[in-house]
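Asks: Pasting in a structure now, in structure tokens, and then I'll have a few things to ask.
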Amino acid sequence: MNKRSMLLVAILGLVLINGVSATSAFAESDLDAIRDVQIYNRALHVMAMLLIGFGFLMVFVRGYGLSALTATYLMVAVAIPGYFLLKTSGWFGHAATGIEGLVLTEFAAASLLICAGAVLGRLKMWQYMVMALLFLPAYMLNEWILLEGGWGLVAHGAFVDTGGSIVIHAFGALFGLGVAISMTTRRAQDLPVESDATSDRFSLLGSMVLWVFWPSFCAALVVPELVPATAMNVIFALCGSTLLTYFATVLLRRGIDAADIANATLAGGVAIGSTCDRVSLPVAFAIGAVAGFASTFGFAVIQEKLQKGLRLVDTCGVSNLHGIPGLLGGLAALVFVGGIDKGAQGLGIGITVVVALVTGLVAGKILAMTGHRNIPYEDSEEFPG
Amino acid sequence: MNKRSMLLVAILGLVLINGVSATSAFAESDLDAIRDVQIYNRALHVMAMLLIGFGFLMVFVRGYGLSALTATYLMVAVAIPGYFLLKTSGWFGHAATGIEGLVLTEFAAASLLICAGAVLGRLKMWQYMVMALLFLPAYMLNEWILLEGGWGLVAHGAFVDTGGSIVIHAFGALFGLGVAISMTTRRAQDLPVESDATSDRFSLLGSMVLWVFWPSFCAALVVPELVPATAMNVIFALCGSTLLTYFATVLLRRGIDAADIANATLAGGVAIGSTCDRVSLPVAFAIGAVAGFASTFGFAVIQEKLQKGLRLVDTCGVSNLHGIPGLLGGLAALVFVGGIDKGAQGLGIGITVVVALVTGLVAGKILAMTGHRNIPYEDSEEFPG
Amino acid sequence: MNKRSMLLVAILGLVLINGVSATSAFAESDLDAIRDVQIYNRALHVMAMLLIGFGFLMVFVRGYGLSALTATYLMVAVAIPGYFLLKTSGWFGHAATGIEGLVLTEFAAASLLICAGAVLGRLKMWQYMVMALLFLPAYMLNEWILLEGGWGLVAHGAFVDTGGSIVIHAFGALFGLGVAISMTTRRAQDLPVESDATSDRFSLLGSMVLWVFWPSFCAALVVPELVPATAMNVIFALCGSTLLTYFATVLLRRGIDAADIANATLAGGVAIGSTCDRVSLPVAFAIGAVAGFASTFGFAVIQEKLQKGLRLVDTCGVSNLHGIPGLLGGLAALVFVGGIDKGAQGLGIGITVVVALVTGLVAGKILAMTGHRNIPYEDSEEFPG
């Protein structure tokens, strides 16, 4: 081979390598954009859960529906820019950017709405926004400790909680309980929280929106290859909790309770969160079934005792829908995830319980200092129309 | 060219070929994952149709809304794991796996909910679940015969029914008619099925959710290249049925009937199912228009005669929304699909009619043996709250 | 290099080039199909906005909900095939084809539904369809002038309006105002437009569906690379308008007004339309905040004066939700988009105001000639059931 031919071959080679890598680069950046749009799609599903799902689930309180929906709007509108802004401070780990940042923000908003369910109807409208401002740093601190190795307490990547059973659901419920303990008045304890046929139907609408889009919540940040399996686990868990809710409500109440159906059916989604991308379909169904029974038991049996024992009102029963099933979900990871760091998982759960309750109690004290509504659970106090 | 230069060229060639095929393999497996996520997206749309769509469409029965929504939840929760479990038996063709399996399961659940519309309000809550268990094997037998060449009756791949006019809609409606024939009591025949302004608005909500997401139902398993054209055919068919429903209801009733609007507007979606990926936009519009008129005619004129003639009650009029337009859709394929195997198409439709009616009649007999509700169409019998 | 080796190299080269371009071609056509399915997804989100969003937002009128939803169905069913058909005439630029065509059609339908909000409750059902037929050519003329360089008035590509602040929102609102001016009767002026607790909750459902899916409206035709950033701008704008709506309604009304919350919260989505893919998050938030305040000010202060001054009724207050924020959005592009052709932007806005008002006035005259309802805002006139 003479020099000219070697040159020829070399040029040809370079051209071809160029071509190949150009194709490859082209494909990769294009695929990344397409993948981000797919995350965006799931982010919109989560947004539907936040506003329509959580919002209408809370409309079950007769005569407080306009307030519940307005409060949902306002808390989301505070939480989304608020989370981004606080993240840029650098105090809570990396800044939130891009479409992943949006999803993380929505998770924070979901947890906030869960917490609000505990005190629904007993805050003035602007107090929901103040609560959001108190909630966000507490949530972000816990998120940073559990998922980003904050303060070196839980090894980075060791805590298993893809769909947020602990970080989102249990945290929100326990923070809400803390607020409720700090600020439930004697008067509110005596007032029954009532629903009617129309408020129950709206609540079931919210419930169904949550059920339908829950797979996108759990799979929001999962790689494309795992999205279908994750989604199906979530769906099977929801089927399990839906069926067991029915059997439990009939067993425990001697009749069907509309609030059990609207709420405990979703317990499977809460409980499968931690392990949604790591278990098989039958295990997912079983986790959901156990959670559905436990949640219904919570609504039918525990709720009244808890409220009397702690002198609080948990308006939406978030301790039964998000608290118990959330903790169950985090613990299920200890049983079903092979090779899990049990110390980190247990520690993370413990930290969440402590941080949520303590910060919730403090937030409740602060909120209580800013006053109470005259009449709980009534739109008319703030909607004069 | 000496040996060394030939070796060089060969090595260069291998490296490059490697590079090319690596790129290609990378792209292909990645594209498959992305395509599956796109199917997942449509599967969620179908899930919204099942729970929110069918669920709220059935809320039109005044005072039975909580039961209708609870029954929807329970039937879906039985159908999804039930279909997967029965499919693994091997009796009904290939096992259902992956995201395609989820979509096929949802199709079964849709057909079940259609069937339930025929007897809505006259089953106890647990009887809806028993009906689901009786329905699934019948549906899967028919699906296997028509689409997988079961028993060698219909040549595999010959039956044209992409969006399920026959396999899903007509089957569900006729099975439901069978059940209704077997188990409608004299008492239920005398009781009017009534709606009110709020139950009608909820029903229109369900209707609109179905309308909006129907394109994803028909295009759920279609290749990406055909999704837009399929979706637009479905939308044009729905526009056709929506317009003709209005003209027909005014013509036949001398005023607008809310139930006609909530239901017959959707007839285009039912009827375009068989041919949704194979016709042009004007044909799609025409198929929808004919179906919309026929469906409204069914609600306004046929329904009463059918109910008296067969001594049954079809609570939601599924024979008018899914039966007639479904059969029309299956027959439309004979006219508009070039090169169709007319024998197979006709035979498949005939088999569906027979299997659905016979198994429905038997299922109704079994259900009737397990008892009847005291008061039809009343939440209060089972929701003591 | 002898001839044989040159031949070898050439063949090798051709094989490889072939391989490369085959891979590349394969990937490109596949990616195009996948991208179209992603546009399809956003098109379905927009469809949810049209039917469920706009439809239920208009259900706030007590006792006119069934009519509002039926009219929504019918106008969409006229607009979609109508737009396609008119586009094939060639009078309004390129024909509408494929999934982009569907999105453009939906934009026209959105603008039509906005316009209908101005006269809601005062048209007979078939008059909504006639209005749709009068609206479409006017809308398409303006769209062609602003976006396709029609008549050479505005340079092709110079007008900045990605999400339709001007072309869709302001046009629809001003056309609706024109119709309202031409056909509001003295009787309708004296009748109050009233809502109740249930109609308000349905309205908030429509509002939330619009809020949730608005990012897909603005990003519908944006390239994948820009979808996340565009979506986040829209979400930040909506957060801004939601927060400012609350503060403004409390400030201006001394209490919260449900209609303000259902409507003005969305003003950020309207106003960010023109610049949604070109500004930063803080600017998007600010544009939304200003629009939310302005829109609430419109509902609380301007609406009554406008209606008395122009002797019209704007049932849904579309001038406040789509008119003022739409114009604000178009003007915001002058301030925040670097290198914008200010002449073209200003001219386009001016043309829209003139075309919309003039054609709306004419359409109203024509509609008035075809008669008026006996009783405005009552389902019972046309729904005898």
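Asks: Would you compute, from DSSP H runs of 4+ residues alone, the mean residue ellipticity of chain B at 222 nm, taking -39500 (n - 2.57) per run and dividing by the full residue count, rounded to the nearest 500?
Replies: -23000 deg cm²/dmol
Asks: I'm a student and want to see the number: the projected area of the Cα convex hull of the range B:259-348, averaged over all directions, in nm².
Replies: Projected over every direction and averaged, the Cα hull of the range B:259-348 covers 6.2 nm².
Asks: Using a 1.4 Å probe on the protein heavy atoms, what percent of the accessible area of the protein assembly as shown belongs to carbon and sulfur?
Replies: 66
Asks: Give me the extension gain from A:Ser280 to A:Phe247: residue separation times 0.36 nm, minus the current Cα-Cα distance, reported in nm with one decimal.
Replies: Fully extending the segment from A:Ser280 to A:Phe247 adds 9.5 nm.
Asks: Still on this model: Quick one: compute the contact order of the range A:22-118, relative version, from alpha carbon pairs under 8 angstrom and 6+ residues apart, as a percent.
Replies: 29
Asks: Run the numbers on the range A:53-186 and let me know its relative contact order in percent, using alpha-carbon pairs under 8 Å that are six or more apart.
Replies: The normalised contact order for the range A:53-186 reaches 26 percent.
Asks: Then there is this: Counting only other chains, what is the mean number of Cβ atoms within 10 angstrom of the Cβ of each residue in peptide B:218-226?
Replies: 3
Asks: Another question, then. Compute the angle between helix C:65-88 and the longest alpha-carbon principal axis of chain C, please, reported from 0 to 90 degrees and rounded to the nearest 10.
Replies: The two axes meet at around 40 degrees.
Asks: Something else about it: What is the range B:264-385's relative contact order, in percent, from Cα pairs under 8 angstrom and six or more apart in sequence? Intermediate results must be reported in sequence, preceding the final value.
Replies: Values: 92 pairs, mean separation 34.7, N = 122.
The normalised contact order for the range B:264-385 reaches 28 percent.
Asks: GNM on chain A, C-alpha springs below 10 Å: top fluctuator among A:Leu238, A:Leu50, A:Leu281?
Replies: Comparing A:Leu238, A:Leu50, A:Leu281 in the GNM, the peak value goes to A:Leu281.
Asks: If we hang a label 7 Å off Cα along the beta carbon direction at C:Arg187, how far is it from the matching labels on the other copies, in nm, shortest first?
Replies: Copy-to-copy label distances at C:Arg187, shortest first: 4.8, 4.8 nm.
Asks: What number comes out for the charge environment of C:Arg278, summing +1 per Lys or Arg and -1 per Asp or Glu over other residues with Cβ under 14 Å away?
Replies: -4
Asks: Order A:Asp257, C:Asp314, most accessible first, counting only protein heavy atoms with a 1.4 angstrom probe.
Replies: Highest to lowest solvent-accessible surface, that is A:Asp257, C:Asp314.
Asks: Helix C:98-119 against the longest principal axis of chain C: what's the angle in degrees, Cα atoms only, rounded to the nearest 10?
Replies: 10
Asks: Which of B:Gln189, B:Gly157, B:Trp126 sits closest to the plus end of the dipole of the range B:88-209, meaning its Cα is farthest towards the positive end, when Lys and Arg get +1 and Asp and Glu get -1 on the C-beta?
Replies: B:Gln189
Asks: Shielding of C:72-85 by partners, i.e. mean partner chain Cβ atoms within 10 Å per residue?
Replies: Mean inter-chain Cβ contacts per residue within 10 Å come to 5.
Asks: Here's another thing I want to ask about it. Does the protein assembly as shown come out rounded, prolate or oblate by the C-alpha gyration tensor, with a ≥ b ≥ c the root eigenvalues, rounded set by a/c under 1.5 and, if not, prolate when a/b is larger than b/c and oblate if not?
Replies: Details: a/c = 1.13, a/b = 1.13, b/c = 1.00.
The shape class here is rounded.
Asks: OK, next. By the scheme Lys and Arg +1, Asp and Glu -1, what is the net charge of all other residues having a beta-carbon under 14 Å from that of C:Glu143?
Replies: -3
Asks: How far is A:Arg311 from itself in the other copies, in nm, if each label sits 7 Å out from Cα along the Cα-Cβ line, shortest first?
Replies: So the distances to the same position in the other copies read 6.7, 6.7 nm.
Asks: Taking C:Lys305 as the anchor, which aspartates and glutamates have their alpha carbon closer than 15 Å to its alpha carbon, excluding any fewer than eight residues away along the same chain?
Replies: C:Asp190, C:Asp314
Asks: Another question, if that's okay. Rounding to the nearest 10 and keeping the result within 0 to 90°, find how far the Cα-based axis of helix C:197-218 lies from the longest principal axis of chain C.
Replies: 20
Asks: Considering only the label points, 7 Å along Cα→Cβ from Cα, what distances in nm to one decimal separate A:Leu133 from the same position in each other copy, shortest first?
Replies: Those label-point separations list as 5.7, 5.7 nm.
Asks: Run the Debye formula on the Cα coordinates of the range A:29-164, all scatterers equal and no solvent, and tell me log10 I(q)/I(0) at q = 0.16, 0.19 1/Å.
Replies: The Cα Debye sum returns log10 ratios of -0.87, -1.12.
Asks: Between B:Val59, B:Val362, B:Val119, which gets the highest mean-square fluctuation from a Gaussian network model of chain B, Cα cutoff 10 Å?
Replies: In the Gaussian network model the winner is B:Val362.
Asks: Would you tally the net charge around B:Gly93, using a Cβ to Cβ cut-off of less than 12 Å, leaving B:Gly93 out, and scoring K and R as +1, D and E as -1?
Replies: Around B:Gly93, the surrounding residues sum to -1.
Asks: List the Cys residues of chain C that have no partner Cys with a C-beta closer than 4.7 Å.
Replies: Lone cysteines by the Cβ rule: C:Cys115, C:Cys239, C:Cys316.
The values are calculated or read from the model by the stated rules, or taken from the named source; none is laboratory data. Keep in mind it's a predicted model, so treat the numbers as computed, not measured. All Cβ positions, even for glycine, are placed from backbone atoms using ideal geometry, and neighbour counts span all protein chains on display. Surface accessibility is based on the protein's heavy atoms, side chains included, excluding ligands, DNA and RNA. Shrake-Rupley method; radii C 1.70, N 1.55, O 1.52, S 1.80 Å.
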